[in-house]
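In what follows, a single structure is set out as structure tokens and then discussed.
Read the figures in this text as sums done on the coordinates, not as results from a lab. Just so it is clear, the model here is predicted, and its values are computed rather than measured. Reconstructed Cβ throughout: ideal geometry from the backbone, glycine too, with neighbour counts over all protein chains shown.
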Amino acid sequence: MPLPNAEIARVLREIADLLEIQNANPFRVRAYRNAARTVEEHPESVAAIAARDPDELTEIPGVGKDLATTITEIAKKGTAKQLRDLQREAPAGALEMLSVPNVGPKRARILAERLKIRTREGLLKAARAGKLADEPGLGAVIQSKILRDLEAHREEEHRISRAAAAQYAEPLLERLRRVRGVTAADIAGSFRRARESVGDIDMLVRADDGAKVVDAFTSAPEAADVIESGATKAAIRLHNGLRVDLRVFDRDSYGAGLHYFTGSKAHNIAIRKLGQARKLKINEYGVWKGEKRVAGREEKEIFDAVGLPWIPPEMREDRGEIEAARAGKLPDLVELADIRGDLHSHSTGSDGRNTIEEMARAAEELGYEYLAITDHSPAVRVTNGMDDAGFKKQMAAIDKLNAKLSKLTVLKGAEVDIHKDGTLDLKDATLAALDIVLVSIHSYFDLPPKEQTARVLKALSHAHVDVFAHPTARLIGRRRPAAFDLEAAIKAALDHGVMMEIDAQPERLDLDDVSARTAHERGVMLTIDTDAHALPELTGMRWGVDQARRAWVSKKGIANTRPLGRLLKLLHAAR
Ligand code: DGT
Ligand code: CA
Ligand code: CA
Ligand code: ZN
């Protein structure tokens, strides 16, 4: 299994942090940080590229010859000599200090070297005791800021995106499945429920010999640390800090264990209550009538025992799924196989890495009937968008290409920027000529809610708009959702026949689960798109489908489950 991109990025970031503590040239530090970003977001396995041909790594933006060498070393060994040297030279605790807000490399050094502080708890204690106040380079103001931040962040959990977690968890799962005597293995917990982020990973294995599985688990190369290890359970810490819990169950209890550890806790409690009403005790080992286990092999048996149909994991949040199940009104959730095309993708026409033809061939490989190329309009400079003339030329090129393609139809689209005042970034005549018009926000994210709402409503009322793409423009962990009145936007979308998108990019997942559910329930047609900027990203559809499932959306609620003819009718109805 090649080392995940997220792991290579993590090592590069640690090098950058340590270089910073060493007072290295800021340009050098930045080079490592930039490389970490691009490696993390690179659609293909960087380790696989390194194994094939290290020179090819220099084609990744921000990766020069030296970095390519370092990355190759990391990909091969999981670490680099440079990192070990830097770790040896750095004062103990400095790296940990650097992760505290208001502590840069200089202060990290002072805290670690002069005050001998090693941990965040140690820093909290020292700040409370006033030890930073008289220290040159720190002082009372910094001390109170640090104190405030540490206290505020104390309760905050450290969560990572589900897609990043998958890069570690899925290979580990495959490893466990190959252990002799293992007859089933699943990832449970929030990961199985498809929450956009996970606090840890919960793995379940069905086997009689727990010790053997625990052994394989704790000695896996993914394990940076063994937190605990017993006869049927264990926990490890991955190199990125993520914890993985393992539980081994025998065949009589695996289904009950899977249900219990899939959660959510609120859902479990509700199910347990239903059991109590029937004089049944439900725990992770089964359903019990007195001392006798009456169910537990299959997950479905737990639901059977309380008179419910099996509920998909994505819905198990105690948000009405039990009532829906009882009423026989569980939606038939959309599946990846239902998706017939992708309505949002980019080519070299703007900031995509591949040509339209390359994108089209890849979409054809995925078995799609259609792919919309939706390059950017010019307002957002960094995306190298096209003007009206550019789109005109691109449309002609797409017509030519479609004449050549036998299975797939390329739809002529655009991702049109919404200006600050709600007007659109391309001429009406251009929009009218396109098959599909996406609109989205790429600037002025922090307008006051009233102004932001007016901007969005104005854009949605435009006659040629088909889809409101990544509506809130959030970037998980980096940019908050734009503050506009979502209910009003949903109503406008309904009034004007505009669809709303679930953007499948793991850092977007926009709309989020709750908003998408609201939009769907109000009757807004949704799309699930990859927003691919390169070939491999076309396969990111799964993250968006999972989000739609959390939003209780069925196949019918997603426009791009329709065959081409029906899709075009939907698009034209909106105009
Ligand atoms: P996370 O890890 O924060 O992303 O969220 P979960 O849901 O994966 O939570 P986790 O890992 O603490 O526990 C996994 C599942 O185990 C949880 O979803 C439900 C079950 N569980 C854990 N603690 C309890 C409990 O006290 N009562 C019940 N009924 N179930 C629990
Ligand atoms: Ca968990
Ligand atoms: Ca857990
Ligand atoms: Zn886009």
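Rounded to whole Hz and in sequence order, give me ³J(HN,Hα) for the range 538-552 from the Karplus expression 6.51 cos²θ - 1.76 cosθ + 1.60, θ = phi - 60°, writing x for Gly and Pro.
4, 8, x, 4, 4, 5, x, 4, 4, 5, 5, 5, 5, 8, 6
State the Kirkwood hydrodynamic radius of the range 5-156 in Å, one decimal place, computed from all pairs of distinct Cα atoms.
Every distinct Cα pair counted, the radius reaches 16.7 Å.
Whole-Hz ³J(HN,Hα) for each residue in the range 176-183, computed from phi via Karplus 6.51 cos²θ - 1.76 cosθ + 1.60 with θ = phi - 60°, x for glycine and proline: what do you get?
Along the range 176-183, the couplings run 5, 5, 8, 5, 4, x, 7, 9 Hz.
Using alpha carbons only, how many angstrom separate the centre of the range 273-289 from the centre of the range 500-575?
So the separation of the two Cα centres works out to 38 Å.
Assigning unit charges at the beta carbon (Lys, Arg +1; Asp, Glu -1) and nothing else, what dipole magnitude in debye, to the nearest 20, does the chain show about its Cα centre?
1380 debye
Residues with amide H under 5 Å of Glu298's amide H, sequence separation 5 or more or different chain, H placed in the peptide plane at 1.01 Å from N; which?
Result for Glu298 returns Gly255.
By DSSP, what percent of the beta bridges with both residues in the chain are antiparallel, rounded to the nearest 5?
Beta bridges within the chain, antiparallel portion: roughly 45 percent.
Considering amide H positions built from the backbone, and no H for Pro or chain starts, which residues 5 or more places from Lys412, or on another chain, come under 5 Å of its amide H?
Counting only residues 5 or more places away or on other chains, the set is Asp435, Ile436.
Send over the per residue convex hull volume for the range 222-263, Cα only, as a whole number of Å³.
76 Å³
With the convex hull built on the Cα atoms of the range 257-330, state its orientation-averaged projected area in nm².
Dividing the Cα hull surface by four gives the mean projection, 4.2 nm².
Using alpha carbons only, how many angstrom separate the centre of the range 442-478 from the centre of the range 337-366?
Measuring centre to centre over Cα atoms gives 24 Å.
Pairs to check: Lys289/Lys329; Lys400/Lys427; Lys407/Lys491. Give those whose C-alpha atoms are more than 32 Å from each other in this structure.
Correct reply: Lys407/Lys491.
For the chain, just list the percent of Cα-Cα distances falling in each 10 Å bin from zero outward, please.
Once binned at 10 Å, the Cα pair distances of the chain give 3, 15, 22, 24, 21, 12, 3, 0.
Based on C-alpha coordinates, I'd like the Rg and Dmax of the range 336-574, in Å.
Expressed in Å, the Cα Rg and Dmax of the range 336-574 come to 16.1, 49.
Could you tell me the distance between the Cα centroids of the range 1-55 and the range 80-100, to the nearest Å?
One Cα centre to the other: 16 Å.
Before anything else, pin down the relative contact order of the chain: Cα pairs under 8 Å, at least 6 apart, normalised by residue count, whole percent.
Answer for the chain is 9 percent.
Packing-wise, with mean Cβ within 10 Å as the measure, how do 363-373, 424-434 rank, highest first?
So the order, starting with the most tightly packed, is 363-373, 424-434.
Loop-only check: which GluC sites (Glu not before Pro) in the range 147-197 are DSSP coil with at most 10 other Cβ within 10 angstrom?
Answer in residue order: Glu155, Glu156, Glu157.
Could you state the principal axis extents of the C-alpha atoms in the range 159-251, from the largest down, to the nearest angstrom?
33, 25, 18
Mean residue ellipticity at 222 nm from the helices of the chain, using -39,500 (n - 2.57) per DSSP H segment of n ≥ 4 over the full residue count, to the nearest 500 deg cm²/dmol?
-12500 deg cm²/dmol
Which value does Rg/Rh take for the range 505-575 over its C-alpha atoms, Rh per Kirkwood?
0.98
So which trypsin sites (Lys or Arg not before Pro) in the range 128-228 pass both tests, a DSSP loop state and at most 11 other Cβ atoms within 10 Å of the Cβ?
Arg154, Arg178, Arg180
Would you list which lysines come within 20 Å of Lys233, measuring only between C-alpha atoms, while excluding same-chain residues fewer than 8 positions from it?
Lys212, Lys265
Run down the lysines and flag those whose C-alpha is under 23 Å from the C-alpha of Lys131, throwing out any fewer than 8 positions away in its chain.
Lys106, Lys116, Lys145
Could you tell me the convex hull volume per residue, in Å³, taken over the Cα atoms of the range 266-407?
Enclosed volume per residue, from the Cα hull, is 182 Å³.
From the phi of every residue in the range 126-135, what ³J(HN,Hα) in whole Hz does the Karplus formula 6.51 cos²θ - 1.76 cosθ + 1.60 yield, where θ is phi - 60° and glycine or proline is x?
4, 5, 5, 7, x, 6, 8, 4, 9, 7
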